[in-house]
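Report on one structure; see the data block that follows.
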Amino acid sequence: MTRIGVLALQGDVREHEAALERLGVESVRVRRAAELDSVDGIIIPGGESSTIDKLLRAFDLFEPLQQRIAGGLPVLGTCAGMIMLATDIIGGIEGQRTLGAIDMTVRRNAFGRQVDSSEVELTWMPDGSSMHATFIRAPWVESWAEGVEVLAIDEAHGGAVVAVRQGNAIATSFHSEISDDDRVHALLIDLAR
Ligand code: GLN
């Protein structure tokens with residue numbers, strides 16, 4: 001059976017576990033490097049990216065996680081998780097590090113700090129359908145390298161790029177775990193199988 005880890009240092013772990021359960025896969029909380037060995041994929045939830053960065057280092061997880069992802073472990077990062085997967089950040093705190101799995105620059109709190117949260121209809125690029133999405137102090141993708149596939153665009157915010165994929169790594173600005181639409185998680189599970 002496919003097992004997906006949910007990084008459980010900080011952030012909305014339970015919502016991701018519920019999405020994985022809806023899709024019929026096993027989930028396991030990851031807080032130690034050894035727990036990475038038993039998973040076929042991993043989710044980095046939303047929360048606060050600078051805190052996740054600090055906790056990854058405090059738990060001696062930063063390098064092991066980075067190495068597993070570089071070695072091909074499928075990964076989905078949502079919101080703060082998207083920031084963790086980027087190579088570069090605009091608006092990060094002093095010394096904030098990322099895992100660098102996707103060749104892109106993300107802008108933290110891109111929709112404005114005053115925009116606490118919003119719900120919009122996105123365009124899901126693989127088939128041009130629409131996708132209902134919730135944003136909470138979200139980043140967007142400011143620039144990206146060739147080889148990064150744009151998965152979703154937010155027409156309501158000037159065509160902002162809000163979901164991408166590069167190889168084994170998927171990142172979304174929005175919280176795909178708090179809607180009934182499980183297409184993003186299903187994509188991760190496809191990669192993990
Ligand atoms: N603004 C947060 C950050 O910079 C992300 C918010 C979220 O994950 N909901 O990390």
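Residue pairs whose Cβ atoms lie under 7 Å apart, sitting 6 or more positions apart in sequence or on different chains, and linking a residue in segment 165-193 that is more than 14 Å from residue 15 (Cβ to Cβ) to a partner that is part of a loop (DSSP other than H, G, I, E, B) and polar (S, T, N, Q), are 189/2; 191/168; 192/2; 193/2. Here residue 180 passes the criteria (1) more than 18 Å from residue 41 (Cβ to Cβ); (2) within 16 Å of the ligand (Cβ to nearest atom); (3) not in a strand (DSSP E or B) except the one numbered (2). Of everything listed in (1) in a helix (DSSP H, G or I); (2) within 11 Å of the ligand (Cβ to nearest atom); (3) over 20 Å from residue 145 (Cα atoms), the single unmet condition for residue 81 is (3). In the set 156, 160, 192, which member is out of contact with any helix residue (DSSP H, G or I) (no Cβ under 9 Å at 6 or more places or on another chain), of a type in the set (A, V, I, L, M) and at pLDDT below 95? Of 156, 160, 192, the one residue that is out of contact with any helix residue (DSSP H, G or I) (no Cβ under 9 Å at 6 or more places or on another chain), of a type in the set (A, V, I, L, M) and at pLDDT below 95 is 156. Each residue in segment 96-119 was checked for being hydrophobic (A, V, I, L, M, F, W, C) and either within 12 Å of the ligand (Cβ to nearest atom) or more than 18 Å from the chain's Cα centre (by Cα) (or both), and 4 of them qualify.
Every listed requirement among (1) surrounded by fewer than 24 Cβ atoms within 10 Å (Cβ to Cβ); (2) more than 13 Å from residue 77 (Cβ to Cβ); (3) touching an Asp or Glu at 6+ places or on another chain (Cβ under 7 Å) is met by residue 12 save one, (2).
Say we look at segment 129-151 and pick out the residues that are among the hydrophobic types (A, V, I, L, M, F, W, C) and within 16 Å of the ligand (Cβ to nearest atom); which of these is surrounded by the most Cβ atoms within 10 Å (Cβ to Cβ)? Within segment 129-151, the match that is surrounded by the most Cβ atoms within 10 Å (Cβ to Cβ) is 138. Taking the criterion of being surrounded by fewer than 17 Cβ atoms within 10 Å (Cβ to Cβ), farther than 16 Å from residue 188 by Cβ and among the β-branched types (Val, Ile, Thr), would at least one residue in segment 42-64 satisfy it? Yes, the conditions are met somewhere in segment 42-64. Given the criteria surrounded by 15 or more Cβ atoms within 10 Å (Cβ to Cβ) and either among the small types (Gly, Ala, Ser) or under 23 Å from residue 186 (Cα atoms) (or both), does residue 38 qualify? No, not satisfied. Residues of segment 20-78 that are within 16 Å of the ligand (Cβ to nearest atom) and assigned to a loop (DSSP other than H, G, I, E, B): 45, 46, 47, 48.
The values are calculated or read from the model by the stated rules, or taken from the named source; none is laboratory data. Bear in mind the structure is a predicted one, so any value in this text is a computation, not a measurement. Ideal geometry is used to build each Cβ from the backbone, glycine not excepted, and the neighbour counts take in all protein chains shown.
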